[in-house]
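Reading through the structure tokens given below for one structure.
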Amino acid sequence: MCHKPKLELMPMETSPAQPLRRPSLICYIFLVILTLIFMAAVGFLITWLETKPKKLRYTVENASVQNFNLTNDNHMSATFQFTIQSHNPNHRISVYYSSVEIFVKFKDQTLAFDTVEPFHQPRMNVKQIDETLIAENVAVSKSNGKDLRSQNSLGKIGFEVFVKARVRFKVGIWKSSHRTAKIKCSHVTVSLSQPNKSQNSSCDADI
């Protein structure tokens with residue numbers, strides 16, 4: 001009888017097991033940073049919603065114009081006095097004014113200019129800024145000179161107070177970045193014959 005040759009099965013070679021790759025230290029650091037940013041953003045959002053911020057309000061009061069003079073060649077001189085009231089109605093938000101510039105304008109032209117020292121306005125506070133701006137021999141355009149003469153003949157002068165400020169808001173220990181506040185107080189009208197008689201003017205604020 002013929003014996004069939006036995007087939008010997010050779011063991012298959014197996015590749016060595018690949019070691020599991022562990023996340024690198026950089027990945028851990030990146031995840032930690034993302035988590036911290038997310039938690040800070042959520043905390044800020046919750047705080048902001050809880051404060052329910054209200055708009056700041058501004059008014060111009062007790063305005064007067066003295067020593068008004070307009071020459072035939074349209075050079076104007078005058079002393080502008082007024083009080084700017086800044087109302088902060090917020091219970092948890094205070095305001096830092098880093099720089100404040102105040103302008104008196106007639107239509108499109110600046111007549112007088114001044115700056116105010118930086119200040120901090122606490123929560124639930126009304127801040128008064130008493131200002132005296134002097135226009136001395138300021139050249140005005142022909143059309144503005146004509147309108148000023150017309151108003152002078154009626155015994156009154158109307159002008160605009162414009163404020164430009166750099167502000168920051170503080171909630172708890174958090175402070176916002178600087179923002180530019182533009183405050184426009186139009187239709188400030190005063191009587192030349194009764195310098196102490198004027199109407200309060202509300203302002204539009206863009207912050």
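The values are calculated or read from the model by the stated rules, or taken from the named source; none is laboratory data. All of these numbers come straight from a predicted model, not from anything done at the bench. Ideal geometry is used to build each Cβ from the backbone, glycine not excepted, and the neighbour counts take in all protein chains shown. Heavy atoms of the whole protein, side chains included, go into the accessibility calculation; ligands, DNA and RNA do not. Shrake-Rupley method; radii C 1.70, N 1.55, O 1.52, S 1.80 Å.
Numerical summary
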| item | result |
| --- | --- |
| Residue that is hydroxyl-bearing (S, T, Y) and free of Cβ contacts under 8 Å to residues at least 24 places away in the same chain, where the choices are S86, S153, S77 | S153 |
| Criterion (within 23 Å of T189 (Cα to Cα), polar (S, T, N, Q) and open to solvent by less than 40 Å² (accessible area, probe 1.4 Å)) met by exactly one of S94, S153, S143, S77 | S77 |
| Selected residue (criterion: nearest to Q199 (Cα to Cα)) from residues of segment 61-117 that are in contact with a Ser or Thr (Cβ under 8 Å, 6 or more places away or on another chain) and hydroxyl-bearing (S, T, Y) | S64 |
| Tally of residues being open to solvent by 50 Å² or more (accessible area, probe 1.4 Å) and either outside any loop (DSSP other than H, G, I, E, B) or of a type in the set (G, A, S) (or both) across segment 161-205 | 17 |
| Any hit, segment 115-126, residues being part of a strand (DSSP E or B), free of Cβ contacts under 8 Å to residues at least 40 places away in the same chain and surrounded by 15 or more Cβ atoms within 10 Å (Cβ to Cβ) | yes |
| Which numbered condition H91 fails, given (1) under 14 Å from L56 (Cα atoms); (2) part of a strand (DSSP E or B) | (2) |
| Qualifying residue in segment 141-153 (condition: modelled with pLDDT under 95, within 30 Å of A40 (Cα to Cα) and out of contact with any Pro (no Cβ under 8 Å at 6 or more places or on another chain)) | no |
